[in-house]
Amino acid sequence: MYAGAAALMRRAGAWRWCRDDETKSRVRAIDGTELDANVFSPNDVLLLANATGAPDIRFDLAIGMSSTRRNGGPVSTEISINLSGLDQAGQPLRKRHAIVHPGGQMPLTGLGVALVLERLAGLAGDKPRPGLYFPAQLIDHSTYFERLRASGGEVIELEPIQHAP
């Protein structure tokens, strides 16, 4: 039995809450290892749906040994991104990327917090007007990727999975 909270996902353009066994999933790590995972719903589900209009959005979380660690390297974090749909010409498109950081999850979280605080303080770009914002609305994406690389992280392109979860 699943003891976690319900998870929001978008399927065929409709929002739905997953509970119990329907939150169970599998993900494929960078090295191809399949891991047990669970659907979960960070704010990114809503942000991506709003920004892209994609009919299907879900996040799956697996906790375990990273591909880097299995290959004798340091503890690290890896975030796999599986995209499928149609490109701008209407042709089928399937892509897979990963964000990897050898310091684990904390440097990624710290980077996001620092960039948001810089923006809110007016140290990076114009100070935003008072209001409610999600981090992705405040952070300049090119700055994020530049700082990610400077901190030891990287974005890598992977071979697409034919049947993504």
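Quick notes
- Within the chain, helix-based [θ] at 222 nm, where runs of 4 or more DSSP H residues each add -39,500 (n - 2.57), nearest 500: -7000 deg cm²/dmol
- Ranked LYS127, LYS95, criterion: other C-beta atoms within 10 Å, fewest first: LYS127, LYS95
- Rg ratio (alpha-carbon, reference 2.2 N^0.38 Å) - the range 76-165: 1.31
- Normalised by the number of residues in the range 1-64, the average gap of Cα pairs under 8 Å and 6 or more apart makes the relative contact order 35 percent.
- In terms of Cα atoms, the Rg and Dmax of the range 1-64 work out to 12.3, 34 Å.
- Screening the chain for whole DSSP H helices with an alpha carbon extent of at least 15 angstrom along the helix axis and a mean Kyte-Doolittle hydropathy of at least 1.0 yields 105-120.
- As a proxy for reagent exposure, ILE161, ILE139, ILE63, ILE81 were ordered by neighbouring Cβ count within 10 angstrom, fewest first; the result is ILE63, ILE81, ILE161, ILE139.
- In terms of overall dimensions, the chain has a Cα radius of gyration and Dmax of 17.2, 48 angstrom.
Taken together, the values in this text are just the output of simple stated rules run on the coordinates, not laboratory data. A quick note: this is a predicted structure, and the numbers were derived from the prediction, not measured. Glycine gets a Cβ as well: all are built from the backbone with ideal geometry, and neighbour counts include every protein chain shown.
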